[in-house]
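Following: one structure in C-alpha cells, then a few remarks.
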Amino acid sequence: MRIVIIGANGQLGSDLSIALSKYKPICLTHKDVEVADFRIVNKIFRKYRPEILINTAAFHNVALCEKEPLKAFMVNAVGVKYLAENCLYYKTVLVHFSTDYIFDGKKKRPYIEEDYPSPLNVYGISKLAGEYFIQYILKKYFIIRTSAMFGVHLCRAKGGNFIDTMLRLYKEKKEIKVVKDEITSPTYSLDLAKQVKELITTSHYGIFHISGHGFCSWYDFAKTIFKFLNIKVKIEPVEAKKFCPEVRRPPFSALENKHLKILGLDRMRPWQEALKDYLKKKKLI
Ligand SMILES: NC(=O)c1ccc[n+]([C@@H]2O[C@H](COP(=O)([O-])OP(=O)(O)OC[C@H]3O[C@@H](n4cnc5c(N)ncnc54)[C@H](OP(=O)(O)O)[C@@H]3O)[C@@H](O)[C@H]2O)c1
C-alpha cells in the first residue's frame, strides 16, 4: 500500500510514520510540500501516486490564527481543498485531521460526530471549512477529529505540548496559573496513530472522533501531571477569559469516539493511563 504522510516530522506525523512503518510510508515534511500551493501538491501526487494520503499539516497556533486569518484559511481550508481535488483525480483515500474546536462547547456533554459544529475562533472556522471541502469533493475520506494532543515528538506549531509547558513553568515560577473552565479530552498521539492505522485499512469512510477516554479541565490535567511526577507545586486555577482574553475557545469540547465504538474499533484508553505511559516513555517516571 502506497502511503504518503504530509507533516511527517510533526508531533502526530512522527508517531504515524512509526505506527505505519510496515507499509514503508513516504514521509514528507514542509520542505517537501506546501499544501497551500496547488502546483506543488499536484507534483507530489504525480510523483508518488499515493493510495492513501495522510495530511497532518495545519496552521494551528490558535492565537496566531486570529492574527493571520488568511494564512489559517490557506493552510487549513484551501490547502485541504487542493489535497482533496488531487485525491479525487488520483483515486486516493484522504486521511485528514480536524479538531474539537469546531464545536462551541455549549453542549456540556461529550460531542459525537453528528453534533452541529459552531466554531468560536478563526482556527476552528478554518478547520471546519477544510472538513467541508473534503466532504463536497470526496467520497473516500477519513476526517479524524481529535483534541489536546500530547506526544513524545515536538508539536512544531506550538513549540511543545501542554506537559512540556507545565514542566517549563514549574522550573521558572513558584506558582503556576492554569485555566479551570475549559474542559477537553487529552489524547496521546501514539495511541491516536495506532488507532488511525487500524481504521484507515478499513473502508469505513467518514468522520471519526478519536480522543483519549474521559475529559478534564486544563487545571485538572496539570494537577494529574504533577501528581504522577510526584512533584509538589502550587497551581492556581484561573478563568480562561482572564488568562487569554484575545481568543474565544469552547468551554467544553470533550469528544466521544462514537463511530469507532459502533464499529467495535475503539482502542483508545482513559487519558490518565495514556499520560502515565507518555511520562514513562519520556523517562520522567
Ligand atoms: N496539537 C493538538 O493539540 C491538536 C489538537 C486537535 C487537532 N490537532 C490537529 O492535528 C494535526 C496535527 O497536529 P500536530 O500537533 O502533530 O502538529 P505539528 O507538530 O505542528 O505538525 C504539523 C506538521 O505540518 C507541517 N506543516 C505546517 N504547515 C504546513 C504547510 N502549509 N504545508 C505543509 N506542511 C505544513 C509542519 O511543518 P513545519 O513545522 O516545518 O511548518 C509539521 O511538520 C493538525 O491538523 C491539527 O490541527 C492538533
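Excluding LEU12 itself, calculate the net charge of residues whose Cβ lies under 14 Å from the Cβ of LEU12, where each Lys or Arg counts +1 and each Asp or Glu counts -1.
Residues near LEU12 contribute +3 overall.
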Taking a point 7 angstrom from the Cα of LYS234 along the C-beta vector, which residues in the stretch 161-186 have backbone N less than 19 Å away? 166-180
Which distance in Å, rounded to a whole number, links the C-alpha centroids of the stretch 57-117 and the stretch 191-227? 17 Å
7 Å from Cα along Cα→Cβ at both MET1 and ARG49: what's the point-to-point distance in nm? 1.9 nm
Counting pairs of alpha carbon atoms under 8 Å apart in space and at least six apart in sequence, what relative contact order in percent does the chain give? 21 percent
Amide H proximity to PHE97 below 5 Å, modelled H, separation 5+ or other chain, gives ASN55, ILE144
Which one of HIS153, TRP271, ALA240 is farthest out on the positive end of the charge dipole of the chain, using unit charges on Cβ (Lys, Arg +1; Asp, Glu -1) and the Cα centre as origin? HIS153
Computed for the stretch 173-285: size of charge dipole around the Cα centre, +1 on C-beta of each Lys and Arg, -1 on C-beta of each Asp and Glu, debye to nearest 20, value 540 debye
Kyte-Doolittle cut-off 0.5, length cut-off 18 Å along the helix's own axis using Cα: show which whole DSSP H helices in the chain pass. 122-137
With -39,500 (n - 2.57) per DSSP H segment of 4 or more residues and division by the full residue count of the chain, the 222 nm estimate, nearest 500 deg cm²/dmol, is -11500 deg cm²/dmol
The stretch 215-258 residues near the modelled ILE285 label - backbone nitrogen below 11 Å, point 7 Å along Cα→Cβ: 224-231
Evaluate E = 1/(1 + (r/R0)^6) for TYR90 and LEU154, where r is the Cβ-Cβ distance and R0 equals 41 Å; express this FRET efficiency to the nearest 0.05. 0.85
So for SER17, SER189, fewest C-beta neighbours within 10 Å to most, what's the order? SER17, SER189
Among PHE73, PHE45, PHE215: highest mean-square fluctuation, GNM of the chain, C-alpha pairs under 10 Å: PHE45
Under 18 Å from the Cα of LYS108 - aspartates and glutamates, other chains or at least 8 residues apart: ASP100, ASP181, GLU182, ASP220, GLU239, GLU256
State the extension gain, in nm to one decimal, for the chain segment bounded by TYR23 and HIS204, taking 0.36 nm per residue of separation less the distance between their alpha-carbons. 63.2 nm
Ranked output for segments 47-55, 121-129, 85-93, 167-175 by mean other Cβ atoms within 10 Å, highest leading, reads 121-129, 47-55, 85-93, 167-175
Filtering GluC sites (Glu not before Pro) in the stretch 204-285 by DSSP loop and by at most 14 other Cβ atoms within 10 Å leaves GLU239, GLU246
What does the C-alpha gyration tensor say about the overall shape of the stretch 233-285? Classify as rounded when a/c is under 1.5, otherwise prolate if a/b is larger than b/c, or oblate. oblate
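Please order HIS30, HIS60, HIS96 by the number of other Cβ within 10 Å, starting at the fewest.
Lowest count first: HIS30, HIS60, HIS96.
Laboratory data are not the source of any read-out in this text; all were calculated from the coordinates shown. Because the structure is predicted, anything quoted here is derived from the model rather than measured. Heads up, the Cβs are rebuilt from the backbone with ideal geometry, glycines too, and the neighbour counts pull from every protein chain shown.
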